Amino acid sequence: MNPDVPLRVPASASPDAAPASPVKRDRRSASHKLSRYLRPRASLSPREGWIISAVGVALFFALWIAVTSGGFIQPFFLPSPAAVATRLVSMLYTDGFLIDIWASAYRILGGFLIAAALAVPIGVLMGNFRFFQALFEPLFGAARYMPASAFIPLLIIWLGIDEGQKISVVFLGVFFPLTLMIADASSTVSKDIVNSAYTLGASSMQVFFRVLIPASTPAIVDALRITVGLAWTYVIVAELVGAQRGMGIAILQAQRFLLTDQVIAGIISVGVLGVITDVGFRIAHRRLFPYMY
């Protein structure tokens, strides 16, 4: 080492260098988190996911409260969240809304189960056999663009206005899109897995039942989760005609008497029940297929 050359000490190693202030550290941490959140397909911890979801819901209700309490919209058109919550409690405890919820849930359960019982095997056959794909896809592809509500007059002629008609509307609204989604999910199983099974000496039936069906089952359950939301939509439509009980008729009767708070309470109830159904499917998916998480 040359004694004539002065030793340079890095600023970070200098005893006189001041450490970063807490404010700067917080800014760097917040900037790092924001950049990570905006990174495509970046993972979030369960805690972060819950916090962000809670913030989104809180912002929605804060905006709703600000708009109603500030007088920007008349209560007749948009009641406050407190008024809607009060009306919902009254509906549940004094107006028999629980009976309406059960009536709608019964129709959803009936229509959805029948649709799933038929859509799963047909969709699996369409996704794995070109013969069945050519046989069913043109018909199902056209039928999915026909709204189930358009069949209501015909279903009334065929089945009357009893439960069969309402369950049939739910069935028609779910069956065709669910079948096509299952067919698509079944067709995306990797060909490498299939070829490996054939290489190991598996027969065609063994490949179908022991490779293709197990490999596509997680996606099939996910398709069921998505399409059950359609069932909640179509049951409301079905109950607008000739229903004595149900969430749809409760909303329609509230509209006739200009009870805006009851209409919004009914709509929110449908959304909450739909979210509960979705969460149930997600929990079941995690329990049945933990290797995917």
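Checking each residue in region 245-268 for being more than 15 Å from PHE77 (Cα to Cα), touching a residue at least 40 places away in the same chain (Cβ under 8 Å) and surrounded by fewer than 20 Cβ atoms within 10 Å (Cβ to Cβ) picks out ARG245, ILE268.
Determine whether PHE175 is aromatic (Phe, Trp, Tyr), more than 25 Å from the chain's Cα centre (by Cα) and under 30 Å from PRO214 (Cβ atoms). Answer is no for this residue.
Kindly indicate whether VAL272 is out of contact with any Ser or Thr (no Cβ under 9 Å at 6 or more places or on another chain) and either at pLDDT 90 or above or of a type in the set (A, V, I, L, M) (or both). When the stated conditions are applied, VAL272 passes them. Where helices (runs of 4 or more DSSP H) fall wholly inside region 174-293, the ranges with 1 or more residues that are hydroxyl-bearing (Ser, Thr, Tyr) and closer than 24 Å to LEU98 by Cα are 213-238, 260-288.
A quick yes/no check of all residues on (1) among the aliphatic types (A, V, I, L, M); (2) surrounded by fewer than 15 Cβ atoms within 10 Å (Cβ to Cβ); (3) within 24 Å of the chain's Cα centre (by Cα); (4) at pLDDT below 90:
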| site | (1), (2), (3), (4) |
| --- | --- |
| GLN206 | no, yes, no, no |
| PHE209 | no, yes, no, no |
| ILE213 | yes, no, yes, no |
| THR217 | no, no, yes, no |
| ILE220 | yes, no, yes, no |
| ARG225 | no, no, yes, no |
| VAL228 | yes, no, yes, no |
| TYR234 | no, no, yes, no |
| GLY242 | no, yes, no, yes |
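ARG256 - would you say it is more than 16 Å from PHE171 (Cβ to Cβ) and modelled with pLDDT under 90? Here the answer is yes, as ARG256 does meet what is asked.
The lone criterion from (1) of a type in the set (S, T, N, Q); (2) exposed (fewer than 15 other Cβ atoms within 10 Å of the Cβ); (3) touching a residue at least 12 places away in the same chain (Cβ under 8 Å) left unmet by GLN165 is number (2). Taken over region 45-84, the criterion of being touching an Asp or Glu at 6+ places or on another chain (Cβ under 9 Å) and modelled with pLDDT of 90 or more is satisfied by PRO79, SER80, ALA83, VAL84. Among the residues of region 119-154, those that are within 25 Å of the chain's Cα centre (by Cα), surrounded by 14 or more Cβ atoms within 10 Å (Cβ to Cβ), among the aliphatic types (A, V, I, L, M) and farther than 13 Å from ILE167 by Cβ comprise ALA119, VAL120, ILE122, VAL124, MET126, ALA143.
The values are calculated or read from the model by the stated rules, or taken from the named source; none is laboratory data. On a predicted model such as this, the values are computed, not experimentally measured, just so you know. So basically every Cβ, Gly included, is an ideal-geometry build from the backbone, and we count neighbours across all protein chains shown.
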